[in-house]
Amino acid sequence: MQNGNGFSQRMRARVLDITTGKMVAVLNNKDARELGLQPMERVEIINTRNHKSVNVVVDVTDSMVREDEVGVFREMKAALGVKAGSILDVRPSKKPKSVEFIKKKLDGTKLSDGEMREIVEDIASNKLSEIEATAFVSAVYVHGFDLDETVAMTKALIANGKTLQFGNRMVLDKHSIGGVNGRTTMIVVPIIAAAGFAIPKTSSRSITSSSGTADAMEVLANVSLSLRDIKRIVEKTNGCIAWGGAVELAPADDKIIKIEYPLSLDPEGQVIASVMAKKASVGAKFLVIDLPVGPYAKIKTKDKAEQMALRFIEVGRKLGIKAEVLLTNGYEPMGSAFGPSLEAKHAMMVLEGKVYDNLAEKAMELAGALLDLVGNTVPGKGKEKALGILRSGKALKKMQEIIRAQGGKITSSQQIKEAPYKIQVLSQHDGVINLINVSLLNRIARIAGAPADQKAGVRLLVSQGDKVRKNQGLFEIHAEDERKLSTSHEFALRNEPVELEKVVIGKFE
């Protein structure tokens, strides 16, 4: 069939109930030849019933689909709204112009606002193949973004997604770059909300750690909220803690993050654009950013953190966001818990006044900085006000309101159940705790099943500098499965994440 865009062919959808993580269609070899297509070339596919369309990469088969059929995976099925047998128009599509701009970036050439916007639009609409999108991420990793490019990327991500508006309300937000345990968000949000400010917090799930904020909050309440849900909950309670992946605040960014993940690519400019786009999308005007610095955090050195902090502040200024960055201690664990249920329980215990440790102290610093930034206190008294809200019980009461508004029923630490299987790892001799390796503890918690198994994780029983006796418990592993418990315990014994001071650190003969 001929049309204004060239030759097309009408085919029936064959639904392949598989998640591929990308937009790809499968054509029979004969149909591909008739359309003049080679594997990895593009087609536009249109649902003739609702006129929804997607641009996808083609794979070719002799057997998976018959002639006049197009294989549709879960992602494409959802995007097009098709079912088995739906009639689809399939036609070759041209290579996007943004491919030229990606080549420019690969050569180290600075991109304009318009070029950046076109790349983002094509990533969001799946017009770029996975190879092309990966080439862009690699180019940014190698050559970086200057300030203008970072701002351009941020604005492009905002323009490509949805936004939240709260009228004349003052909207505050916080963000942590991550790399350490502990859920400061679950303490800061109710404090800020109790102080009378709107704080629509969208958070991530774990990628490499044993729990993300969304994983821990999900122990207490539903976090898969729509934008309408978030707006309703914030208007009712002032705050919420939602999973950012359930909303389309910056959909192109979510796709870029998936590309970055396998090789742990975190180009500074893209990280800043990602954070600032999502904060601007929820209407935040005041923002505190937590940059943990240390050997187990994402940022290893203070110099790197200071450079990144200045860039965050400058990008915020250009977006109309007043930002402050706190460089925080990433050398030791924040609190004693690793894993969704254990971290949720620990945060609730801080709100209940049962625990006040370095996690609680960090949360007070972050909440206090936000209150100072917005001018709600005598300058420098923000932390004192945050601590007053915590100790008065107002933060706990506000958190319970937020949990109920998000459909949750667990409103106290006692209600959070622990895993059925536990084992302690014991000290092999007397000594003083010299080092606690956060990365290894996260690894042990993941081997035990976290975050997929909510109750799995690790609970520290000691702190850095503590004196311990032989056979004293150092940490406790929790698991929902005996095999996972055994595997994680064996790993812990081999790798010693909690180290005692050593008199002899080397020996030569």
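For the chain, what does -39500 (n - 2.57) per DSSP helix run (n ≥ 4), summed and divided by total residues, give at 222 nm, in deg cm²/dmol to the nearest 500? Intermediate results must be reported in sequence, preceding the final value.
Details: 18 runs with 206 residues, N = 509.
Taking each H run of at least 4 residues, the total per residue is -12500 deg cm²/dmol.
Counting Lys and Arg as +1 and Asp and Glu as -1, each charge on the Cβ, what is the dipole of segment 306-349 about the Cα centre in debye, to the nearest 20? Each step should come with its number before you reach the end.
Working: 5 positive and 5 negative charges, 51 e Å.
It works out to roughly 240 debye.
I'd like the antiparallel share, as a percent to the nearest 5, of DSSP beta bridges with both residues in the chain.
Bridges in the chain are about 55 percent antiparallel.
Placing +1 on the Cβ of each Lys and Arg and -1 on the Cβ of each Asp and Glu in the chain, which of N168, P451, V82 has its Cα farthest towards the positive end of the resulting dipole?
Most positive-ward Cα: N168.
Calculated FRET efficiency, D466 and K236, Cβ-Cβ r, R0 35 Å, to nearest 0.05? Please list the in-between numbers first.
Details: r = 44 Å, r/R0 = 1.25.
Between D466 and K236 the formula returns 0.20.
Please give the FRET efficiency for K417 paired with L263, using the beta carbon to beta carbon distance and R0 = 45 Å, rounded to the nearest 0.05.
On the way: r = 37 Å, r/R0 = 0.83.
Using R0 = 45 Å, I get an efficiency of 0.75.
Pull out the extension gain between R33 and N434, defined as 0.36 nm times the separation in residues minus the alpha carbon to alpha carbon distance; nm, one decimal.
Details: separation 401, 0.36 × 401 = 144.36 nm, distance 6.64 nm.
Roughly 137.7 nm would be gained on extension.
Out of segment 124-224, which trypsin sites (Lys or Arg not before Pro) are coil in DSSP terms and have no more than 16 other C-beta atoms within 10 Å? Don't skip to the end; give the middle numbers.
Numbers: sites: K127, K155, K162, R169, K174, R183, K201, R205; in loops: K127, K162, R169, R183, R205.
Listed in order of number, the matching sites are K162, R169.
Take L327, L493, L500, L351 and order them by how many other Cβ atoms sit within 10 Å, fewest up front.
Values: L327 16, L493 11, L500 19, L351 25.
With the sparsest Cβ surroundings first, the list reads L493, L327, L500, L351.
For segment 403-509, which chymotrypsin sites (Phe, Trp or Tyr not before Pro) pass both filters: DSSP loop (anything but H, G, I, E, B) and at most 15 other C-beta atoms within 10 Å? Don't jump to the answer; show the numbers that get you there.
Working: sites: Y421, F475, F491, F508; in loops: F508.
Within segment 403-509, the qualifying chymotrypsin sites (Phe, Trp or Tyr not before Pro) (loop, at most 15 other Cβ atoms within 10 Å) are F508.
With semi-axes √(5λ) of the Cα gyration tensor in Å defined as stated, name the option among (i) 35, 30, 23; (ii) 41, 30, 18; (iii) 43, 28, 24 computed from the structure displayed.
(iii)
Pop a pseudo-label 7 angstrom from the Cα along the beta-carbon direction at both Q165 and D113 and give the gap in nm to one decimal.
Distance between the two pseudo-spin positions: 2.1 nm.
Explain nothing, just the number: dipole magnitude of the chain about its Cα centre with +1 on each Lys and Arg Cβ and -1 on each Asp and Glu Cβ, in debye rounded to the nearest 20. Spell out each step's value before the answer.
On the way: 73 positive and 62 negative charges, 288 e Å.
That gives the chain a dipole magnitude of about 1380 debye.
Using a 7 Å offset from the Cα along the Cα-to-Cβ direction at both I87 and V142, what is the distance between the two label points in nm, to one decimal?
Using points 7 Å along Cα→Cβ, the separation is 4.8 nm.
Taking the Cα centre of each part, how many Å lie between segment 287-330 and segment 443-490?
Their Cα centres are 31 Å away from one another.
Which of the peptides 274-281, 95-102 is most tightly packed, and how do the rest follow, going by the mean number of other Cβ atoms within 10 Å of each residue?
Numbers: 274-281: 25.4, 95-102: 17.6.
Those peptides, ordered most packed to least, come out 274-281, 95-102.
Placing unit charges on C-beta atoms (Lys and Arg positive, Asp and Glu negative, everything else neutral), compute the dipole magnitude of segment 335-469 about its Cα centre in debye, rounded to 20. Can you show the working numbers first?
Details: 20 positive and 12 negative charges, 76 e Å.
Taking the Cα centre of segment 335-469 as origin, the dipole is about 360 debye.
Considering the options Y331, V432, M349, tell which one lies farthest towards the positive end of the dipole of the chain, charges being +1 on Lys and Arg and -1 on Asp and Glu at the Cβ, about the Cα centre.
M349
Using a 7 Å offset from Cα along Cα-Cβ at V99, what residues in segment 26-63 end up with backbone N under 20 Å from the label point?
Only 26-27, 32-46, 54-60 fall inside the zone, counting backbone N under 20 Å.
Need the C-alpha centroid separation for segment 127-167 versus segment 86-102, integer Å.
Between the Cα centres of segment 127-167 and segment 86-102 lies a distance of 20 Å.
Any read-out appearing in this document is the output of simple, stated calculations on the displayed coordinates, not a laboratory observation. What you see is a predicted model; the values in this text were computed from it and never measured. Backbone-built Cβ (ideal geometry, glycine too); neighbour counts: all protein chains shown.
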